[in-house]
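Have a look at the structure below before the remarks.
The values are calculated or read from the model by the stated rules, or taken from the named source; none is laboratory data. For clarity, every value in this text was computed on a predicted model and none was experimentally measured. Counting neighbours? That spans all protein chains shown, and the Cβs are built from the backbone with ideal geometry, glycine included. SASA here: full protein model, heavy atoms, side chains in, ligands and nucleic acids out. Shrake-Rupley method; radii C 1.70, N 1.55, O 1.52, S 1.80 Å.
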Amino acid sequence: MKANSIEHLSYSSISMFLDCPESWRRKYIAKEPTKSSPALVLGSAFHGTLEEMLTNPGVDVQAAYKSQWKQAVERQDVFWDEESPEQTYNDGLRLFSHKGVLGEISKIKPDKDDKGLKIERKVELSVPGVPVPIIGFIDCILEDGSPADFKTSARSWSSDKASYSLQALFYIAALNQMGEKVTWRFQHIVFVKTKEPKVQFLNSLHTAGELFFLFNVISSVWGAIEAGAFTLNPGSWRCNGKYCDFYSDCRGRFGA
């Protein structure tokens, strides 16, 4: 299978390629099976519950979370490793049971149009020289037109981590290309799963010039895919048995 078997890219697949091209090849070209992590299951259940809360402010939050959790577990093959389902479930439950967190969620005001609230909106970006679209889903577009992304995290984010996010550039570029109002502002809304949960609202401002950098990154990734340049990256955070589905048959088979 070659690059012409790829029908589209996404922000997450591009991010994976940048972390480890060989891991990307095994997932998207070789179609080797992968497992979800506890963090992905929690993120899926959390996003679903948050969407229900934003569309229906009177929803029973804990009941909604329980239902979303069940669905997330059932549709994903999960590698739990040292984390138990109960522990991960309770991490989300603590967030949705915390008055301070619930108060911060009530401040999130999605924009709306004739399709309803602008939540989980699909976007598509075309990049010169890349024959496939780059697609994604924006968690929320706020009343001022700024795209926002919801994250759950074990620790607080730094402002630099938010500012340098390629995801922010991708969403802004896609909205701009689609003719939507663009404020050049992006907001990461981070739900921190510490003992005392909290919510961070991290705003970052971007410029049109940064989009050229984004396009260069995507073009470089596509060029490498076409060339079959799937190098190993043992320095990546993914390169361990916990985060890489292919570790045991890659670095792990040498006893690393």
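Key figures for this structure:
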| quantity | calculated |
| --- | --- |
| Matching entry among GLU124, GLU180, GLU120 (being touching a Pro at 6+ places or on another chain (Cβ under 7 Å) and open to solvent by 70 Å² or more (accessible area, probe 1.4 Å)) | GLU124 |
| Selection from region 1-32 of residues that are outside any helix (DSSP H, G or I), farther than 25 Å from ALA174 by Cα, at pLDDT 90 or above and not hydrophobic (A, V, I, L, M, F, W, C) | LYS31, GLU32 |
| Filtered residue count, region 103-115, keeping only those that are open to solvent by less than 60 Å² (accessible area, probe 1.4 Å) and either of a type in the set (Lys, Arg) or touching a residue at least 12 places away in the same chain (Cβ under 8 Å) (or both) | 5 |
| Enumeration of residues in region 81-96 that are open to solvent by 50 Å² or more (accessible area, probe 1.4 Å) and not in a helix (DSSP H, G or I) | ASP81, GLU82, GLU83 |
| Test: residue in region 148-161 that is of a type in the set (D, E, K, R) and open to solvent by less than 40 Å² (accessible area, probe 1.4 Å) | yes |
| Lone unmet requirement of (1) open to solvent by 30 Å² or more (accessible area, probe 1.4 Å); (2) within 20 Å of TYR11 (Cα to Cα); (3) without any contact (Cβ under 8 Å) to a residue 60 or more places away in the chain for VAL190 | (1) |
| Hits in region 30-58 (condition: more than 24 Å from ASP81 (Cβ to Cβ), surrounded by fewer than 17 Cβ atoms within 10 Å (Cβ to Cβ) and without any contact (Cβ under 8 Å) to a residue 40 or more places away in the chain) | ASN56, GLY58 |
| Meets criteria (within 16 Å of TYR243 (Cβ to Cβ), open to solvent by 30 Å² or more (accessible area, probe 1.4 Å) and not in a loop (DSSP other than H, G, I, E, B)) for ALA63 | no |
| Restricting region 113-166 to residues that are of a type in the set (A, V, I, L, M) and part of a helix (DSSP H, G or I), the residue that is farthest from the chain's Cα centre (by Cα) | ALA162 |
| Checklist (1) modelled with pLDDT of 95 or more; (2) exposed (fewer than 11 other Cβ atoms within 10 Å of the Cβ); (3) among the small types (Gly, Ala, Ser) applied to GLY223, failing item | (2) |
| Checklist (1) in contact with a Cys (Cβ under 7 Å, 6 or more places away or on another chain); (2) without any contact (Cβ under 8 Å) to a residue 40 or more places away in the chain applied to PHE212, failing item | (1) |
